[in-house]
Amino acid sequence: MYYAGPHVSCYRAVSLPDGAFAGVRCVKFANLVHCPDQEGVAFVWYGEAAEPAGPSRQFGEAFVTGATRSGSATLTAHAAALVGNGERDEPFMRLRFQLSSPPPQVPTRLTVTGDRHEEWTLVPDGVLPDHQPLRRHIERGGPRLNEYGVRKDDGTPGVGVRCMLSSGSWLGAGRWLELTYLHLGTYIGDPRGPVRFSASDIAAGNGFCLFVPWGELSVRTDAEHGPSVLRASGAWSESWQLRRAARGWEPDPEVAHLRAFS
């Protein structure tokens with residue numbers, strides 16, 4: 001049984017061509033629900049599946065753009081597979097999401113087109129009895145993700161990884177005080193102005209499940225080292241050191257400017 005937890009929205013994904021179960025998708029909503037009148041991150045998601053070809057994990061982000069604000073029900077998005085932790089590799093994905101309901105509602109259904117054709121259905125209680133969580137051993141993001149190593153600045157024991165695409169949102173995993181964690185982090189607001197960060201733990205297979213409210217976490221480029229080091233402060237005290245930059249793709253021009261860090 002898979003339980004996503006109380007701090008993310010859980011979706012059951014099926015393949016549109018044949019209706020086969022395609023995995024679980026844990027979604028953290030940002031501007032789509034909280035600031036639908038502003039361009040920026042609509043939502044981010046973590047997905048996983050256990051298939052005969054091998055386990056797979058993905059991290060993705062969708063965007064509110066000028067077209068969305070003008071009434072379009074379609075979101076531009078992209079996603080990359082996590083590799084290096086026992087997963088099978090998959091190509092970079094350029095996607096479109098069709099919404100079942102207008103902002104600021106949480107959609108009960110999301111239709112995915114582009115490099116994947118799937119339908120995601122909201123699971124209100126976050127429980128998927130037909131999926132067992134993959135082992136929570138994530139130390140690498142893979143070549144299509146910006147991969148940061150984590151150092152705790154407050155002296156508490158902990159290690160981790162932060163995996164980013166283009167916006168500055170991230171998927172985080174690691175250990176803190178001997179407990180494992182997996183979380184989604186993103187921000188609300190227009191990334192060209194002030195934004196408010198938040199992070200939500202994904203419960204399945206983790207030692208604890210927490211939530212950092214919007215604005216109680218700050219992530220900034222280090223003034224001395226530039227974009228290769230990010231500093232998290234507020235709810236956390238951490239330094240994120242870039243250890244591998246993403247390669248092999250560029251964001252869609254429509255969303256390339258929507259990023260929190262230059």
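None of the figures in this text is laboratory data; all of them are computed from the coordinates on show. No experiment lies behind these values; they were computed from the predicted model shown. Cβ sites come from the backbone with ideal geometry, for glycine too, and all protein chains shown count toward neighbours.
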(request) Place +1 on the Cβ of every Lys and Arg and -1 on the Cβ of every Asp and Glu in the range 54-155, take the dipole about the Cα centre, and give the residue among N146, V112, S100 whose Cα lies farthest towards its positive end. (result) N146
(message) Along the charge dipole of the chain, pointing to its positive end and built from +1/-1 on Cβ of Lys, Arg, Asp and Glu, which listed residue (G71, F261, A81) has its Cα farthest out?
(response) F261
(request) May I ask for the percentage of alpha-carbon pairs in the chain that lie more than 29 Å from each other? (result) 24
(request) Between the alpha-carbon centers of the range 18-34 and the range 139-167, tell me the distance in whole angstrom. (result) 23
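Given charges of +1 on the Cβ of Lys and Arg and -1 on the Cβ of Asp and Glu, with all other atoms neutral, how large is the dipole of the range 2-128 about its Cα centre, in debye to the nearest 20?
With only Lys, Arg, Asp and Glu charged at Cβ, the dipole is about 220 debye.
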(request) Sketch the reach of a paramagnetic label on V159 as a point 7 Å from Cα along Cα-to-Cβ, and name the residues of the range 105-142 whose backbone nitrogen lies under 19 Å away. (result) 135-142
(request) For every helix of n ≥ 4 consecutive DSSP H residues, a contribution of -39,500 (n - 2.57) applies; sum these over the chain, divide by its total residues, and give [θ] at 222 nm rounded to the nearest 500 deg cm²/dmol. (result) -500 deg cm²/dmol
(message) Under the 0.36 nm per residue contour assumption, what length would be gained going from the current alpha-carbon distance of Q132 and Q105 to full extension?
(response) 6.8 nm
(request) Choose one of A232, P213, L242: the residue whose Cα lies farthest towards the positive end of the charge dipole of the range 213-252 (beta-carbon charges +1 Lys, Arg; -1 Asp, Glu; about the Cα centre). (result) L242
(request) Within the range 162-262, list the GluC sites (Glu not before Pro) lying in a DSSP loop whose Cβ has at most 10 other Cβ atoms in a 10 Å radius. (result) E178, E224
(message) Starting from 0.36 nm per residue, how many nanometres of slack lie between D89 and R244 once their C-alpha separation is accounted for?
(response) 54.1 nm
(request) Tell me the label-point distance for the pair L210, M1, using the 7 Å Cα-to-Cβ offset, in nm and rounded to one decimal. (result) 2.6
(request) Using only alpha carbon pairs under 8 Å that are at least six residues apart, calculate the relative contact order of the chain and give it in whole percent. (result) 19
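Using R₀ = 45 Å, calculate the FRET efficiency as 1/(1 + (r/R₀)^6) where r is the Cβ-Cβ separation of A50 and T221; round to 0.05.
It comes out at approximately 0.75.
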(message) In the chain, once you exclude exposed trypsin sites (Lys or Arg not before Pro) (DSSP loop, at most 13 other Cβ within 10 angstrom), what's the longest stretch remaining?
(response) 1-87
(message) Quick one: 3J(HN,Hα) in Hz for the range 167-181, Karplus 6.51/-1.76/1.60 with θ = phi - 60°, rounded, Gly and Pro as x.
(response) 7, x, 5, 8, 10, x, 8, x, 10, 9, 6, 6, 10, 7, 8
